[in-house]
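Peer 1: Just passing along the structure, written as C-alpha cells.
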Amino acid sequence: MSTQKVAVVTGGNKGIGYGIVKGLCERFDGVVYLTARDSERGKAAVSKLEKEHNLKPVFRQLDITDQNSVDNFKEFIKKEHGGLDILINNAAIAFKVSAPEPMSVQAKETIRVNYFGTLRVCDALFPLLRNNAKVVNVSSSAGHLYRIPSEEIRREFSKKDLTVFELNKLVEKFVKAAENGKTVEDGWGSSTYVVSKVAVSALTNIQQKMFDEEVPNRNISVNSVHPGYVNTDMTSHKGPLSIEEGAKSSLFAALDANLKGKYIWYDCKVVDWFTNSAPSN
Ligand SMILES: NC(=O)c1ccc[n+]([C@@H]2O[C@H](COP(=O)([O-])OP(=O)(O)OC[C@H]3O[C@@H](n4cnc5c(N)ncnc54)[C@H](OP(=O)(O)O)[C@@H]3O)[C@@H](O)[C@H]2O)c1
C-alpha cells in the first residue's frame, strides 16, 4: 500500500473542478484523483492536463449519485492508499432558467445530486480520512442562509444541534413542497439550486461539529466555499472569473487555511453564514 498523500476532486472533468485538480497538481505533494461520472470525459481531461500543463492527475470513475460507483471508488482508495487527505466535493448540477422540466422534477433532481450525492460521497469516504484531513464542500453564494425567505425554515437550517437526519427530512420537505407547487407559499422561495446549496452549507456545519465532538484530536476540517461567478458551462459562460480564479477558495481551504466549519468566499474571506442578511462583499 502506498504511503503518499491523496487528494480527490469530484466532477473534475470540466469547469471549477478541473481548475481545482490543476491547482492541486501544481501545489499538492501527493497523488491527485480527477474523478468524473463519465469515463471518456474524465480521461480526456487528464490527457489535456498532461499535454497542456505537464501535470499528472489520475483518473477514476465516480458518479456521486450512484452507490455502486461510490462504493467501488471507496474500495479502490482503501486498498490502494488506506486513507485520504483532501476531499473536494465539487460535483453539482444547476438547471438553466429556460429548462423545460417542471419545478417538481428540478427540485428532486437538484437535491438528489447536489445534496444527497455530496452526502453519499462523504458517508463513504469520511471513514478513510487521515489525521489533519481537509474536506471542502463547494457551495455557492446561493448557499447562504439568507437566501431562504422563511425565517422559520432559516431557523431550522441553522439550528446549532441540527443532525444529518433532520437535514435530510428538511430537504425532503422542500421536494414535497415542489411536488405540490407550494415552494413560494411555504417559504422556500423559487430556486431549487438555492435550497440544495443552503443544505450543503448546513451539512458542512454539522460535519465539522461531528468531527470536533467525536475525534477532536484528529484535526479534521470541513469548510464550504463560494467559488465566485465563474466562466463555466453551468453559468453558460457568463461568469467573469476564470476556472483558476474559481478554484482559488477551494485550494485555499484545502492547502492554506487553518479554518474549521467556515463559509469561505472566492476572495478567500470568511463570510458569516449564520445571518439573515446578504454578505457585504
Ligand atoms: N460556475 C459558477 O459561477 C459557480 C458559482 C457558485 C457555485 N458553483 C459550484 O461550483 C461547482 C462546479 O461548478 P461548475 O460551474 O464548474 O459546473 P460545471 O461546469 O457544470 O461542472 C460540473 C461538474 O460536476 C459534474 N457532475 C454533475 N453531476 C455529477 C454526478 N452525478 N457525479 C459526478 N460528477 C457530476 C459534471 O460532470 P459532467 O461533465 O459529466 O456533467 C462536471 O464535471 C458546483 O458545485 C457549482 O454548484 C459554481
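The numbers here are math on the coordinates, done by the rules we state, and not lab data. All values reported here derive from a predicted model rather than from experimental measurement. Backbone-built Cβ (ideal geometry, glycine too); neighbour counts: all protein chains shown.
Peer 1: Note down the nm distance, to one decimal, between modelled labels 7 Å out along Cα→Cβ at Asp256 and at Ala44.
Peer 2: Placing both labels 7 Å beyond Cα along the Cβ direction yields 3.2 nm.
Peer 1: A follow-up question, please. What base-10 log of the normalised intensity I(q)/I(0) is obtained for region 61-150 from the Debye formula, alpha carbons as equal point scatterers, at q = 0.13, 0.14, 0.25, 0.26 Å⁻¹?
Peer 2: Evaluating at q = 0.13, 0.14, 0.25, 0.26 Å⁻¹ gives log10 I(q)/I(0) of -0.53, -0.60, -1.30, -1.36.
Peer 1: Would region 172-211 count as rounded, prolate or oblate if I go by the C-alpha gyration tensor, calling it rounded below 1.5 in a/c and otherwise prolate when a/b exceeds b/c, oblate otherwise?
Peer 2: Prolate, since a/c reaches 1.5 and a/b exceeds b/c.
Peer 1: Going by C-beta contacts inside 10 Å, put Lys56, Lys262, Lys197 in order with the fewest on the left.
Peer 2: Lys56, Lys262, Lys197
Peer 1: Next up: What are the principal axis extents of the Cα atoms in the chain, in Å, biggest first?
Peer 2: 53, 44, 39
Peer 1: Show me the three semi-axes of the equivalent ellipsoid for region 139-235, from the C-alpha gyration tensor (sqrt of 5 times each eigenvalue), largest first, rounded to whole Å.
Peer 2: Taking √(5λ) for each Cα gyration eigenvalue gives 25, 19, 10 Å.
Peer 1: Tabulate in residue order the Karplus-calculated ³J(HN,Hα) for region 61-66, using 6.51 cos²θ - 1.76 cosθ + 1.60 with θ = phi - 60°, rounded to whole Hz; enter x for Gly and Pro.
Peer 2: Result, ordered by residue: 6, 7, 9, 5, 9, 10 Hz.
Peer 1: Helix by helix through the chain, keep the DSSP H runs that span 20 Å or more along the axis on Cα and average at least -0.5 on Kyte-Doolittle, and give those back in order.
Peer 2: Helix filter hits for the chain: 164-179, 192-214.
Peer 1: How far is the Cα center of region 210-268 from the Cα center of region 62-123, in Å?
Peer 2: 17 Å
Peer 1: For q = 0.14 Å⁻¹, what log10 I(q)/I(0) does region 3-146 give under the Debye formula with an equal point scatterer on each alpha carbon and no solvent?
Peer 2: Debye intensities relative to I(0), on a log10 scale: -0.66.
Peer 1: Taking K and R as +1 and D and E as -1, what net charge do the other residues with C-beta under 11 Å from the C-beta of Lys262 add up to?
Peer 2: After counting each charged neighbour, the total is +1.
Peer 1: Dipole magnitude of region 124-230 about its Cα centre, charges +1 at Lys/Arg Cβ and -1 at Asp/Glu Cβ only, in debye to the nearest 20?
Peer 2: My answer is approximately 300 debye.
Peer 1: Now for a different question. First check a/c for region 1-56, with a ≥ b ≥ c the square roots of the eigenvalues of its C-alpha gyration tensor; if it is under 1.5, answer rounded, and if not, answer prolate when a/b is larger than b/c or oblate otherwise.
Peer 2: Prolate.
Peer 1: Taking neighbour Cβ counts within 10 Å as the exposure measure, how do Cys25, Cys268 sort from fewest upward?
Peer 2: So the residues, fewest neighbours to most, are Cys268, Cys25.
Peer 1: Quick one: which of 133-144, 36-47, 201-212 comes out on top by average Cβ neighbours within 10 Å, and what's the full order, highest first?
Peer 2: 133-144, 201-212, 36-47
Peer 1: If you stretched the chain out fully between Asp29 and Glu80, how much longer would it get, using 0.36 nm times the residue separation minus the C-alpha to C-alpha distance?
Peer 2: Gain on extension, Asp29 to Glu80, equals 16.7 nm.
Peer 1: Then there's this: Hey, quick one: spin label on Ser242, modelled 7 Å out along Cα-Cβ, who in region 30-70 has an amide N within reach, i.e. under 18 Å?
Peer 2: 48-55
Peer 1: Sticking with this one: Using r as the Cβ-Cβ distance of Cys268 and Asn217, and R0 as 41 Å, what FRET efficiency do you calculate, to the nearest 0.05?
Peer 2: Taking R0 as 41 Å, the efficiency between Cys268 and Asn217 is 0.90.
Peer 1: Related question: Based on the mean of other Cβ atoms within 10 Å per residue, sort peptides 122-131, 224-233 so the most packed one is first.
Peer 2: 224-233, 122-131
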